[in-house]
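What follows is a short report on a single structure.
Nothing in this text is a laboratory measurement; each read-out follows from the coordinates by a stated rule. From a predicted model like this one, the values you see are computed outputs, not experimental measurements. All Cβ positions, glycine included, derive from the backbone under ideal geometry; neighbour counts span all protein chains shown.
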Amino acid sequence: MKNLRTSAICSLLFASAVFAKPDSKTIFPVKIDPAVVDDLPYRYNGVVLTQDARGSGFCAWNQRTFFTAAHVVYGELGWGTAPIWNPTANSTVLDPSREIQSRGYYRFNSYAEIVDAQGSPAAFGKDVVLAFAFKDLIPGPPADLNFTGGTDLRGSGSKLITGYPAIEAYTNTETDGYFMHQTGPFNIPFSPHSDGSLIALAVTTGPGNSGGPVWTKNAGKGWSVGGILVGGLPSETVVYTISRDLDALTRSVQPVLLKETPFPVHGVSFSNLFFPYTQSQTIPDGTENWSNFLVGVRGFGEGALITSVKLSLTIKTTHVGDLQVYLIGPGGYTALIHNEEGAGDNDLILRNMDLTASFVGIDPYGKWAVRVRDRLKGDIATLVSYRLEVAAGTSAVPVP
């Protein structure tokens, strides 16, 4: 990992700034007291890393999901791979043992279209993604979303921004590591900006803070997320406002968290989809014939090409050395899974076997097959289940 990783779009937002020293009229980020990193609302925060970007994010809605800005994962090559989550970081270097690789993210279709056609500022109102994992991202419940955040951010109530700025916005110098900062609390009202986003003057953030939460505080309810930081300049901050539009993202993610099943929602696209095969099938014993177990891959956007393929598989047997197993993709692309290794060992169990090299850059649509044969008699083998995980985007970049 690079020490500083800032997305191309985020860099552009700050590139034209005239840097000056902050004055008393401007509220700017300061490091939090390390003693409160696990307190509310700081414990919901995390560093978000992609292949070429560094951003901020927060765990909300579900203990296994986090939000960040779309431009953290969308760069010059299009949509990037699923980002890494590192919770409540607050040190010079990140602890790799705490990193959680998300398994995909959902975003609004129109974001990329607006960026490509009009430039990033016009896309602030769609600048959000919801990423998910299959393990808890933080201990305890997630943050609350304030679905009237637009109203509260425009009001005079208390607001707070938290996150991990990578560059000091006034001096254009790198910060020393991954320390959580806060801007505020402040009472400055936000004003309408572009496509539903809001802007506040005299409030400063910095690159790397993108994707972090903008908190609103209601009497008796504490802090809830009213917006997501998506851009700014010194003395200028732009936020995506939390609204019921996010229901489209949460409805898409929910069936994946429950059953790992893809669920199309209008206006939403995805980085990774999961295709389970759950029909337990006995494999013919002692034959040269192949058995094919099929799933249909669908649901990606037009022109999408594969960026990642992973396979999880369970075959029950008392002699794995009898088995040959392949994964066959559209067009006859093939990956060898198992070739009679293991002699008399029990059961062939694979978890997230990375087969990207055999399929990267091809069209994902069509029938995929786990192809199996049991060449020696005497040991009955049963395919219990498998799960195919496919990531696809408009730019086929292999996952490292």
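Can you sort 135, 31 by how many other beta carbons sit within 10 Å, fewest first?
The order, fewest Cβ neighbours first, is 135, 31.
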**Fill in**
In vacuo Debye sum over C-alpha of region 342-385, base-10 log of normalised intensity I(q)/I(0) at q = 0.22, 0.28 Å⁻¹, listed in q order, is -1.02, -1.28
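Pulled fully out, how much extra length does the chain show between residue 151 and residue 294, if you take 0.36 nm times their separation in residues and subtract their Cα-Cα distance? Walk me through the intermediate numbers first.
Working: separation 143, 0.36 × 143 = 51.48 nm, distance 4.97 nm.
The residue 151-residue 294 span can extend by a further 46.5 nm.
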**Asked** What percent of all Cα-Cα pairs in region 184-274 falls in each 10 Å bin, counting up from 0?
**Response** 14, 38, 28, 17, 3
**Asked** Each residue of region 105-121 in order: what ³J(HN,Hα) in whole Hz does its phi give by Karplus 6.51 cos²θ - 1.76 cosθ + 1.60, θ = phi - 60°, with x for Gly and Pro?
**Response** 8, 10, 8, 6, 4, 6, 4, 5, 4, 5, 4, 5, 8, 10, x, 5, x
**Request:** Tabulate in residue order the Karplus-calculated ³J(HN,Hα) for region 141-146, using 6.51 cos²θ - 1.76 cosθ + 1.60 with θ = phi - 60°, rounded to whole Hz; enter x for Gly and Pro.
**Result:** x, x, 5, 8, 8, 9
**Request:** Pull out a ≥ b ≥ c, the square roots of the eigenvalues of the alpha-carbon gyration tensor of region 296-355, then state rounded if a/c is under 1.5, prolate if not and a/b is larger than b/c, and oblate in the remaining case.
**Result:** prolate
**Prompt:** What residues qualify as long-range amide H neighbours of residue 204, i.e. H under 5 Å apart, gap of 5 or more or another chain, H built at 1.01 Å from N?
**Reply:** 27, 28, 235
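Using a Förster distance of 22 angstrom, determine the FRET efficiency expected from the C-beta separation of residue 191 and residue 266, and round it to 0.05. Please report the intermediate quantities before stating the final value.
Details: r = 31 Å, r/R0 = 1.39.
E between residue 191 and residue 266, to the nearest 0.05, is 0.10.
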**Cα gyration tensor shape of region 271-393, rounded if a/c is under 1.5, else prolate or oblate by comparing a/b with b/c** = prolate
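Just check region 8-247 against the gyration tensor rule for me: Cα atoms, a ≥ b ≥ c as the square roots of the eigenvalues, rounded for a/c under 1.5, and otherwise prolate or oblate depending on whether a/b exceeds b/c. List each step's numbers first, then the result.
Working: a/c = 1.14, a/b = 1.07, b/c = 1.07.
Since a/c stays below 1.5, the shape of region 8-247 is classed as rounded.
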**Asked** For the chain, what does -39500 (n - 2.57) per DSSP helix run (n ≥ 4), summed and divided by total residues, give at 222 nm, in deg cm²/dmol to the nearest 500?
**Response** -3000 deg cm²/dmol
**Asked** Using modelled backbone amide H atoms (1.01 Å from N, in-plane), which distant-in-sequence or interchain residues come within less than 5 Å of residue 104's amide H?
**Response** 132
**Fill in**
Connecting every pair of Cα atoms under 10 Å apart in the chain and solving the GNM, the largest mean-square fluctuation among 125, 150, 378 falls on 378
**Prompt:** Which lysines, on any chain, are close to residue 25 with Cα under 21 Å apart, when same-chain ones fewer than 8 places away are left out?
**Reply:** 159
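Given contacts defined as C-alpha pairs under 8 Å and at least six residues apart, what's the relative contact order of region 8-247, whole-number percent? Provide the component values of the computation, followed by the final result.
Details: 637 pairs, mean separation 61.6, N = 240.
Normalised by residue count, the contact order of region 8-247 is 26 percent.
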**Message:** Given a 10 angstrom Cα cut-off, can you work out which residue in 242, 32, 199 is the most mobile in a GNM of the chain?
**Reply:** 32
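Just add up the charged neighbours of residue 373: K/R +1, D/E -1, any other residue whose Cβ is under 11 Å from the Cβ of residue 373.
Details: positive: 371, 375; negative: 285, 288, 322, 340, 374.
Here the charged neighbours net out to -3.
Which number comes out as Rg/Rh for region 210-324 once both Rg and the Kirkwood Rh are worked out on C-alpha atoms? All intermediate terms of the calculation are to be shown ahead of the outcome.
Numbers: Rg = 22.8 Å, Rh = 19.3 Å.
For region 210-324, the value is 1.18.
On full extension of the chain, what length is gained from residue 385 through residue 110, given 0.36 nm per residue of separation minus the C-alpha to C-alpha distance? Don't skip to the end; give the middle numbers.
Working: separation 275, 0.36 × 275 = 99.00 nm, distance 3.60 nm.
Gain on stretching residue 385 to residue 110: 95.4 nm.
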**Message:** On C-alpha positions alone, give me the angle between the axis of helix 247-259 and the longest principal axis of the chain, in degrees, nearest 10.
**Reply:** 30
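Taking the alpha carbon gyration tensor of region 90-153, what are the square roots of 5 times its eigenvalues, largest first, to the nearest whole Å?
Values: eigenvalues 155, 68, 37 Å².
So the equivalent ellipsoid measures 28, 18, 14 Å along its semi-axes.
Out of every Cα pair in the chain, what percent are spaced more than 33 Å from each other?
Numbers: 29030 of 79800 pairs.
Beyond 33 Å sits 36 percent of the P(r) for the chain.
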**Prompt:** If one computes the Cα centroid of region 237-264 and of region 298-377, what distance in Å separates the two points?
**Reply:** 30
